[in-house]
Amino acid sequence: MARAQRVYYDADANPEVLTGSTVAIIGYGNQGRAQALNVRDSGVKVVVGGVPDETLEQAEEDGFPTMSVREAAARGDIVCLLIPDEVQQQVYREEILPHLERGKALDFAHGYNIHYGFIVPPKETDVIMVAPRMIGVGVRSAYVEGRGVPAFVAVQQDGSGEAWPRTLAFARAMGCTRSGAVETTFAEETELDHFSEHFVWPALYRVLVESFEFLTDHGYQPETVVMELWASKEAAEVLERAADVGIFGQVDFHSATSQYGTLTRWERALPQGLRERMAAALAEIRDGSFAREWETERAAGRPVFARLKEKALRHPVNGAEERLRDVIRAAGD
Ligand code: NDP
């Protein structure tokens, strides 16, 4: 099952592939702005398409030719769909599809709409992905500092026969092949992203929030608990070290008492049956039932989403965090 992972660097990407090409960035938000600036600074012609609003004004201030989505799609050889995933289908159908002539590439930063078949481009279109593993401001600041952020790269459809060289040249222009562009598929990128969102993050957040409930029920002060568990940023620092030196490599940064406590209580910390829960999460990702559920929820005006978000914001943990932030700010004045 395991296969060699291909990772591409600057030397694997030929920037000349993009000579004479225009990149159309559709959407000038988190990713759109960072990608547009990086690609332009790499010497590639960039136009920005969007609706007349603040983000398009920002693009104009940044010196880009700005225009409607339709016009940008018509001008671009590589058309980058960097608008929210949930509006991509409609914008694609109404404004981009009519301009996808032979030889064009449609680029995504996340595989959701292609993987679940909500967008089905014509056979002659290249369907590519350069998905930086970083928020937009990080994509930009790394590029400016001469570094790059890693990215996932994938080709779902090679209509031109040149989809891979194009993908790699585009990843290079974005700065991602400086650190490494890891080959994946639209399916793998989407499913792993959803697995993190459906299992890893809820499990982690829930352990933190239930620990807060448990510890405050046992008489510990709410502000002290949130400080201990995450608000001091020690937890964020630990994860950063884990990214640098490994999840077990970072234990050396903790005291021997801490290491001993963690390693001896590892098994007891979570109940049996985790794998069954992981399997349930993965099954509904793979069979498309989560994607269908989300489409139905969106079509209904997101009632469940709104109710759950409102409930989360009423949890007592929010008050404790706010009080702690005030105290820390006051102490720092
Ligand atoms: P943002 O929400 O930051 O930006 C969206 C942009 O699209 C804004 O300029 C917005 O304008 C515009 N927009 C919204 N609706 C429409 C519409 N109907 N027609 C035209 N323009 C519209 O998006 P992200 O950058 O977060 O996400 C873009 C893609 O990148 C997604 O596929 C996402 O999954 C992926 N991605 C995002 C990452 C991130 O760092 N956030 C990381 C990796 C991948 P306005 O603000 O005025 O509505």
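Here are the numbers for the structure shown:
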item: Every residue from the range 57-71 that is surrounded by 20 or more Cβ atoms within 10 Å (Cβ to Cβ) and within 24 Å of the chain's Cα centre (by Cα); result: A59, V69
item: Any pair with Cβ under 6 angstrom, 6 or more apart, that starts in the range 259-277 at a residue that is on the phi > 0 side of the Ramachandran plot and at pLDDT 95 or above and ends at one that is surrounded by 10 or more Cβ atoms within 10 Å (Cβ to Cβ) and among the polar types (S, T, N, Q); result: none
item: Residue satisfying all of: in the range 10-58; among the β-branched types (V, I, T) and within 18 Å of W164 (Cα to Cα); farthest from the ligand (Cβ to nearest atom) among these; result: T19
item: Filter result for M129 (modelled with pLDDT under 95, crowded, with 16+ Cβ neighbours inside 10 Å and either within 13 Å of the ligand (Cβ to nearest atom) or within 20 Å of the chain's Cα centre (by Cα) (or both)); result: no
item: Residue match in the range 297-305 (condition: loosely packed, with under 13 Cβ neighbours inside 10 Å and in contact (Cβ under 8 Å) with a residue 40 or more places away in the chain); result: yes
item: In the range 72-97, the residues that are touching a helix residue (DSSP H, G or I) at 6+ places or on another chain (Cβ under 9 Å) and not hydrophobic (A, V, I, L, M, F, W, C); result: R75, G76, D77, D85, E86, Q88, Q89, Y92, E94, E95
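Yes/no matrix, rows are residues, columns are (1) closer than 19 Å to N30 by Cα; (2) buried (at least 22 other Cβ atoms within 10 Å of the Cβ); (3) of a type in the set (A, V, I, L, M, F, W, C); (4) away from the ligand (no atom under 12 Å from the Cβ):
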residue	(1), (2), (3), (4)
D107	yes, yes, no, no
G111	yes, yes, no, no
E124	no, no, no, yes
R133	yes, no, no, no
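The values are calculated or read from the model by the stated rules, or taken from the named source; none is laboratory data. As the structure is a computational prediction, the values presented were derived from the model and not from experiment. Quick reminder, even Gly has a Cβ in these numbers, built from the backbone with ideal geometry, and neighbours come from all protein chains shown.
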